[in-house]
Structure formats: structure tokens, C-alpha cells
1. Out of G55, G41, report the one residue that is closer than 19 Å to I21 by Cα, out of contact with any helix residue (DSSP H, G or I) (no Cβ under 6 Å at 6 or more places or on another chain) and not aliphatic (A, V, I, L, M).
2. Filter the range 43-87 down to residues that are exposed (fewer than 14 other Cβ atoms within 10 Å of the Cβ), outside any helix (DSSP H, G or I) and either under 12 Å from the mean Cα position of the chain (by Cα) or not acidic (D, E) (or both), then give me how many there are.
3. Considering G9, G37, which residue is open to solvent by less than 60 Å² (accessible area, probe 1.4 Å), in contact (Cβ under 8 Å) with a residue 12 or more places away in the chain and out of contact with any strand residue (DSSP E or B) (no Cβ under 6 Å at 6 or more places or on another chain)?
4. Of these, A52, A38, A22, which one is aliphatic (A, V, I, L, M) and closer than 22 Å to A73 by Cβ?
5. Which ones in the range 1-36 are assigned to a loop (DSSP other than H, G, I, E, B) and out of contact with any Gly (no Cβ under 8 Å at 6 or more places or on another chain)?
6. If you go through the range 12-34, how many residues are open to solvent by 70 Å² or more (accessible area, probe 1.4 Å) and in contact (Cβ under 8 Å) with a residue 12 or more places away in the chain?
Amino acid sequence: GQWETTGVGQMGPYRMVGAFIAVEAPRRLAHTWTVVGAPGGVSTVAYDLEPAGRGTRLTLHHAGLKVAPICEATLKGWETSLTRLAELMRG
């Protein structure tokens, strides 16, 4: 299937689109990632999940980013998103 999202980040409003390329419940999800209108083309994101004690370890792999400003903004976006996810999971 396809996915799409919009938001406002460090570089202003954005729109991202992609397609799911691997769905291996409950351990892996992977998709393409394109920032519409930005240089750099398509990259890929994979989320790997594995048991870790009483919880789950999430490992994120984002490959194929080619343009420095997009790389930097994406890094900050992942840091913000994953920090917020950890806060939500702690309750």
C-alpha cells in the first residue's frame, strides 16, 4: 500500500509519500520515503522490532538520503519523534 503525511518541521511545511515494501508482522516494517518537492529522491526506512526484557527494542534504519539539508532535518525529525514515542510509552 501507499502512505502519505504532512507536517511542519525545521525547514517549514513538508509532505512525504511512499509505499510499503516489507510487512513482516510482528518484527519488521519497511517503506520508501520521498519528501515531495525536495532534492534527493527516494530513500528507504525500516523499523525492526525485537523482544527486550519486558519491552520491545525498536531499531530504525533510514538509508539513501543524499542531500545534506534533508539529512540534517530528517535526523532532527527522527530524534524528536522517537523521543516523543518513548515519552508516550512510559505514560
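1. Numbers: G55 fails: closer than 19 Å to I21 by Cα.
Step by step, each of G55, G41 is checked, and only G41 is closer than 19 Å to I21 by Cα, out of contact with any helix residue (DSSP H, G or I) (no Cβ under 6 Å at 6 or more places or on another chain) and not aliphatic (A, V, I, L, M).
2. Residues in the range 43-87 being exposed (fewer than 14 other Cβ atoms within 10 Å of the Cβ), outside any helix (DSSP H, G or I) and either under 12 Å from the mean Cα position of the chain (by Cα) or not acidic (D, E) (or both): 13 in total.
3. Working: G37 fails: open to solvent by less than 60 Å² (accessible area, probe 1.4 Å).
Going through G9, G37 in turn, just one is open to solvent by less than 60 Å² (accessible area, probe 1.4 Å), in contact (Cβ under 8 Å) with a residue 12 or more places away in the chain and out of contact with any strand residue (DSSP E or B) (no Cβ under 6 Å at 6 or more places or on another chain): G9.
4. On the way: A52 fails: closer than 22 Å to A73 by Cβ; A22 fails: closer than 22 Å to A73 by Cβ.
Only one candidate qualifies: A38.
5. Our first condition is that a residue be assigned to a loop (DSSP other than H, G, I, E, B); within the range 1-36, this holds for 1, 10-11, 25-27, 36.
G1, M11, A25, P26, R27, V36 - these are the residues of the range 1-36 that are assigned to a loop (DSSP other than H, G, I, E, B) and out of contact with any Gly (no Cβ under 8 Å at 6 or more places or on another chain).
6. Selection size over the range 12-34: 7.
The values are calculated or read from the model by the stated rules, or taken from the named source; none is laboratory data. Values in this document were obtained by computation on a predicted structure and should not be read as measured data. No Cβ is skipped: glycine too gets one built from the backbone with ideal geometry, and neighbour counts run over all protein chains shown. Remember, those area values only see protein heavy atoms, side chains included, never the ligands or the DNA or RNA. Shrake-Rupley method; radii C 1.70, N 1.55, O 1.52, S 1.80 Å.
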